[in-house]
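Read through the structure below, which is laid out as structure tokens, and then see the notes.
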Ligand code: NOJ
């Protein structure tokens, strides 16, 4: 099966209105960017935004149970504001058995007690408003938990009114012609699954329920049964859940696994790609279980529903797609009436070969800026499902990791695109993969061990201080262990070091807000034959800023032909360039970023 998480070899990780006055977001609420004298603009807030993903279990524990929570996020709102972040996306905080750490929701209109209460979420939204930080929730629409009352009812009887809310099949006779040995592994009462579909998380995608003598379909864990989006009642219930939170003032949603809402009604076998994945299943394409055209009708209706609210509410999609032409469809093509921000995974997640490839970056950025009918790109290098970019893009020399992380920040924050980043990235937090199977918490890391070690490594607690538990919790038993580098890589230490990862991150987000060219200037690539330095100019006409990033471990001398060539350095990762005043004959040390205004 194709992957929803591209970075792990072998695994299906996807290559994949009525408003209460108190919490209503209004267009009158300016972002910090809009308050800046030089960058005032009529564009919707999300167009120039920096969005920061928070994994709530791992950000800040406020009650000493070793697990992060909503009040912890609220306490940190001042920090978030000063990072230059416009919106946070909080990974699922709804009631859940936590099989997939919240991506298995058992009630869409409440908060899991280990994270707090609905009142705590209201406080969090209000604190966000005070700090000019909008709140986006994660909305998981492809599936629910098997402990959701909808599924409990659905599985109780074929006659239950909820039965048809999920995807059921009677199976086929185990000795029917064409049944494979793989299908026979899942035989029950003489029946096997109707086709070869495998779950992205291991095993058949079909699970037998004795009470109804049927299989149900699950793209992910068997505790995550897929909803049947061909049933209009499902759409209504899901839109109601979204309205519940929109009414409380959330600024929009990140839509989990959104391309997977529909499956082929004929249940055709997915084409085999050859070989076996880390979970021991055949590698299949996802042709008949993902990105079916029917999903776009739902998204258009969802966009109209969301647009009934004031304040430019936004829909962000988890859209792992094979190319820009497919991504364009998620904006709605010429109509631009679907997602405002489908994630562009094609820049930051290349598969197993992530590397700082200048031509690849240049070509893809150009394509993303020109081939989606004016859609706003949303670039992303890090999330809770993939090895952190600092590890993926690193070269053979660990001493370069920090500079490479800064180089990726330079790309992310200086392009004319919305930027999505992940907690800890601003510090240069690294992936800390478990070394023993018995320590793994993510179920795919247990079933896939040792080929697939799961996603715990990129979900370790946020590193605030060099003190106990890095300031994440007062409890020494944190739900995942801290990364060993927390004594040096943390907010407290890095805020005092002018050249730290954190200070570079903040410098860029502030420049992006305050500098008119970086805020809204058009991009022109420079030096397009170079295979070692990525460079471009952002220009509003009157203001121009040049950005040059050495993607190699060797010094590179460049001459950029832009305007008069007179430059004034705004930011650089190497002190040797601080007073550079020309775009000509400039030597960039390894992995160095240089950002300068030009006349
Ligand atoms: C994508 C989410 O990012 C991932 O963490 C989750 O396991 C799957 N979707 C299933 O919801």
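The values are calculated or read from the model by the stated rules, or taken from the named source; none is laboratory data. From a predicted model like this one, the values you see are computed outputs, not experimental measurements. As a convention, Cβ positions derive from the backbone with ideal geometry for all residues, glycine included, and neighbour counts pool all protein chains shown.
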Margin query: Can you tell me which of (1) away from the ligand (no atom under 16 Å from the Cβ); (2) outside any helix (DSSP H, G or I); (3) surrounded by 21 or more Cβ atoms within 10 Å (Cβ to Cβ); (4) at pLDDT 95 or above is the one residue 356 doesn't meet?
Written below: (4)
Next item on the list: Mind checking which strands (runs of 3 or more DSSP E) fall wholly inside region 244-302 and carry at least 2 residues that are farther than 16 Å from residue 140 by Cα and either at pLDDT 95 or above or touching a strand residue (DSSP E or B) at 6+ places or on another chain (Cβ under 7 Å) (or both)?
Entry: 272-276, 282-284
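Of all residues in region 268-310, which are over 30 Å from residue 45 (Cα atoms) and in contact with a helix residue (DSSP H, G or I) (Cβ under 9 Å, 6 or more places away or on another chain)?
278, 279, 280, 281, 282, 286, 289, 290, 292
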Notebook entry, point to check: Which of the residues spanning region 229-242 are crowded, with 22+ Cβ neighbours inside 10 Å and in contact with a strand residue (DSSP E or B) (Cβ under 9 Å, 6 or more places away or on another chain)?
Noted result: 242
Next item on the list: Among the residues of region 557-572, write down those that are within 19 Å of residue 590 (Cβ to Cβ) and buried (at least 19 other Cβ atoms within 10 Å of the Cβ).
Entry: 558, 560, 571, 572
Item checked: Selection from region 221-243 of residues that are within 16 Å of the ligand (Cβ to nearest atom) and either part of a loop (DSSP other than H, G, I, E, B) or in contact with a helix residue (DSSP H, G or I) (Cβ under 6 Å, 6 or more places away or on another chain) (or both) -> 221, 222, 223, 224, 225, 227, 229
Next item on the list: Could you check how many residues of region 246-270 are within 19 Å of residue 52 (Cα to Cα) and surrounded by fewer than 23 Cβ atoms within 10 Å (Cβ to Cβ)?
Entry: 1
Next item on the list: Determine if region 135-157 includes at least one residue that is farther than 27 Å from residue 199 by Cα, touching a helix residue (DSSP H, G or I) at 6+ places or on another chain (Cβ under 6 Å) and away from the ligand (no atom under 16 Å from the Cβ).
Entry: yes
Item checked: Single residue of 125, 105, 80, 88 found to be in a loop (DSSP other than H, G, I, E, B) and under 22 Å from the mean Cα position of the chain (by Cα) -> 105
Margin query: I'd like to check which helices (runs of 4 or more DSSP H) are fully inside region 425-523 and have at least 1 residues that are within 16 Å of the ligand (Cβ to nearest atom), within 26 Å of the chain's Cα centre (by Cα) and surrounded by fewer than 22 Cβ atoms within 10 Å (Cβ to Cβ).
Written below: 443-447
Check: Which condition breaks for residue 125 when tested against (1) under 30 Å from residue 79 (Cβ atoms); (2) loosely packed, with under 14 Cβ neighbours inside 10 Å?
Finding: (2)
Note to self: Going through 399, 419 one at a time, which residue ends up being touching a strand residue (DSSP E or B) at 6+ places or on another chain (Cβ under 9 Å) and more than 16 Å from the ligand (Cβ to nearest atom)?
What the structure shows: 419
Next item on the list: Give the residue that is nearest to residue 552 (Cα to Cα), with candidates limited to residues of region 365-383 that are in contact with a strand residue (DSSP E or B) (Cβ under 9 Å, 6 or more places away or on another chain) and surrounded by fewer than 21 Cβ atoms within 10 Å (Cβ to Cβ).
Entry: 366
